[in-house]
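This report concerns only the one structure given below.
The values are calculated or read from the model by the stated rules, or taken from the named source; none is laboratory data. What you see is a predicted model, and the numbers here were worked out from it, not measured in a lab. FYI the Cβ positions are ideal-geometry reconstructions off the backbone, even for glycines, and counts take in every protein chain you see.
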């Protein structure tokens, strides 16, 4: 007997308590036969399913996974399945970019009366998975050979734009005024050696505005050490400002007390600057300078870029590879991850008081820098930012191991734009992408 | 008189070592602008110039970020342990910087103090350190402030000096001599002494300050920019904190040790919820204290080799030097 014919796939099904579990039960009581390859995990609702569970099942030897719940309109909790459907649309895209084999990941709606559908679906999934064979590509790093890296080219520092000195002067004057009239107690701004926290008007001269002002300072708004200093003004660029839109929507900042000093910016010489659409701040209380590169407003049109490039070009290149190659690419990239969590700490939107990665009773995400631990962390980080990440690129800039995290963020941003015409941090009126749903959300991948 | 070897000859030698089954690790160009120490798949992967030093540290090759300690399996009341301590292959660290090499004898103290750490010692004993003296430095470097320099020999078995087409080879230990015996030629050329960065601070004065100013407002004021990630500690040649965790379930799994950092809020978090180091100021203070006061008192050595990786890797451009210069300024 050949090895293939001996192979019996293991399938893990995460089903909701109210519909699919009862459907499976009905299949049993009506004596419908279906393959014994499926292991059922009963959960209250598909809306409750943490997508890391799917990844975990694959890690411990499942060859395929299934998520199944109530049909639209039938949810015991009214809308849990709608939330699951929307999250699932985004999560599939993330798994695709990471090179997971989507043929092994299934989603169905099966009601309590559909014992026969359960029988059919399990039979079909088992047959398909049997043909695919065991899932050996998971986290394999040998399927892709990176082209040799070119030697370091000493990139000349971008020349300072002519009006930056004038902007710097105006910035200092503005901050002197804000501190003198006690509008704020601290100005979070750029200094010569990194971020500075100016508390006295006479120190406003320490503020600078030059080509080194790359950091996104809004991340300091979440830090208790900074909050303790009192009412704050924060210096932002147009790209940083987008994060404030999200933070306000998520009740993390109070725009009544926070002063925003927006700097018109023609780019800081970073890759993201070539595709920037928000050179001019839009919501700041004080706007310093003006740039000809004006934002195109809230249009959900894809980014048009300087020099003919597109924002999604590096991602497009990645997506041209096969899933197995993509997985190898990421396995090699993540192999360098030391789990320093610089990506999390610099992110203005990673503000959880206790990150899931720090949860240790029990452990939710392995702290080990192993393929399992690394994929779990990077999937979680990227997915928690789905529909929230504003593309400031700080995670990529901060990563000491040079992992291209922006590709994961871009995947989420592109999926949000493609499926929901949604762009995080552009429209202050927009409903948050995750946490809301629409009856019209598509479900062409759900059987 | 000196011993020399052409760079091509050295590469051939490295190929020989790899062919013998030894692990050869050195600086590798990972992507434009990023050089990291890593095991070489081929000797051709190693890069010589175009960078000051790799962005990570060579400690990772003797004290890995993740290490299996043992496997466990339970059956009824029986627990079966299988030792994870597999044989480690002979390893050559080729072209590491003097600040990486010097860190190893410093780390030896803590891994052989009240407990002899097998995992560390096994790797350490299997390792030969072939250091490449520094030909350049940048504004983050401060080795001369902690008693080292661009040609410091501490921790090295062999010192290499770049002479252009050739390298000068100075074997310092038997381990080193065993690698290069019969492979070099005698020459008249010898590397001139090199100048390192100007000293930036005095470790004695730093120790005095930290010992006397535990409650100074400086700790809060000068650390506001710190975001509490572990990029400094994880790329530091001397930081060595770790955490031991069990991964698996009640029936079977692995006991592993992973790096940990005093800059994480969770590092000192008690089960009660109390955190004796509640803010980044006290965590940064701990870092300075450990490096410049606690470690010198316990082992007679500063826990810092001045490599400057903390500054290079800090997303906000901070690092040990920023804080130490602040202290010098306050004195």
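Going by the conditions given, is residue B:92 away from chain A (no Cβ under 14 Å), in contact with a strand residue (DSSP E or B) (Cβ under 7 Å, 6 or more places away or on another chain) and more than 29 Å from residue B:140 (Cβ to Cβ)?
So residue B:92 fails the test.
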Unique match (being in a helix (DSSP H, G or I) and either exposed (fewer than 15 other Cβ atoms within 10 Å of the Cβ) or in contact (Cβ under 8 Å) with a residue 60 or more places away in the chain (or both)) among B:141, B:70, B:134, B:99: B:99
Residue A:424 more than 14 Å from chain B (Cβ to nearest Cβ), more than 25 Å from residue A:329 (Cα to Cα), surrounded by fewer than 24 Cβ atoms within 10 Å (Cβ to Cβ) and modelled with pLDDT under 95: no
Test: residue in segment B:200-215 that is within 14 Å of chain A (Cβ to nearest Cβ), in contact (Cβ under 8 Å) with a residue 40 or more places away in the chain and under 30 Å from residue B:282 (Cα atoms): yes
Flag for residue A:221 being crowded, with 19+ Cβ neighbours inside 10 Å, within 14 Å of chain B (Cβ to nearest Cβ) and closer than 20 Å to residue A:288 by Cβ: yes
Some residue of segment B:24-33 being assigned to a helix (DSSP H, G or I), within 18 Å of the chain's Cα centre (by Cα) and more than 8 Å from chain A (Cβ to nearest Cβ): no
Residue check for residue A:349: touching a helix residue (DSSP H, G or I) at 6+ places or on another chain (Cβ under 8 Å) and part of a loop (DSSP other than H, G, I, E, B): yes
The listed residue being over 26 Å from residue A:327 (Cα atoms), at pLDDT 95 or above and not in a loop (DSSP other than H, G, I, E, B), out of A:32, A:26, A:66: A:26
Selected residue (criterion: surrounded by the most Cβ atoms within 10 Å (Cβ to Cβ)) from residues of segment B:268-283 that are facing chain A (nearest Cβ under 10 Å) and either in contact (Cβ under 8 Å) with a residue 24 or more places away in the chain or under 23 Å from the mean Cα position of the chain (by Cα) (or both): B:280
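Could you tell me whether residue B:161 is surrounded by 21 or more Cβ atoms within 10 Å (Cβ to Cβ) and out of contact with any helix residue (DSSP H, G or I) (no Cβ under 7 Å at 6 or more places or on another chain)?
Numbers: surrounded by 21 or more Cβ atoms within 10 Å (Cβ to Cβ): yes; out of contact with any helix residue (DSSP H, G or I) (no Cβ under 7 Å at 6 or more places or on another chain): yes.
Yes; evaluated as a whole, the condition is true for this residue.
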Residue that is surrounded by the most Cβ atoms within 10 Å (Cβ to Cβ), among those in segment B:39-56 that are modelled with pLDDT of 95 or more and within 9 Å of chain A (Cβ to nearest Cβ): B:56
Subset of segment A:374-400 that is assigned to a helix (DSSP H, G or I) and within 8 Å of chain B (Cβ to nearest Cβ) - its residue that is nearest to residue B:245 (Cα to Cα): A:398
Verdict on residue B:262 being more than 10 Å from chain A (Cβ to nearest Cβ), surrounded by fewer than 18 Cβ atoms within 10 Å (Cβ to Cβ) and either within 24 Å of residue A:194 (Cα to Cα) or within 24 Å of the chain's Cα centre (by Cα) (or both): no
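Just for segment B:240-254: of the residues that are under 24 Å from the mean Cα position of the chain (by Cα) and more than 9 Å from chain A (Cβ to nearest Cβ), which one is surrounded by the fewest Cβ atoms within 10 Å (Cβ to Cβ)?
B:244
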Considering residues of segment A:356-372 that are crowded, with 21+ Cβ neighbours inside 10 Å and more than 8 Å from chain B (Cβ to nearest Cβ) only, the residue farthest from the chain's Cα centre (by Cα): A:365
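Yes or no, residue by residue, for (1) more than 27 Å from the chain's Cα centre (by Cα); (2) under 30 Å from residue A:270 (Cβ atoms); (3) within 14 Å of chain B (Cβ to nearest Cβ); (4) modelled with pLDDT under 95:
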position	(1), (2), (3), (4)
A:116	yes, no, no, no
A:123	yes, no, no, no
A:126	yes, no, no, no
A:137	no, no, no, yes
A:161	yes, yes, no, yes
A:175	yes, yes, no, no
A:178	yes, yes, no, no
A:184	yes, yes, no, no
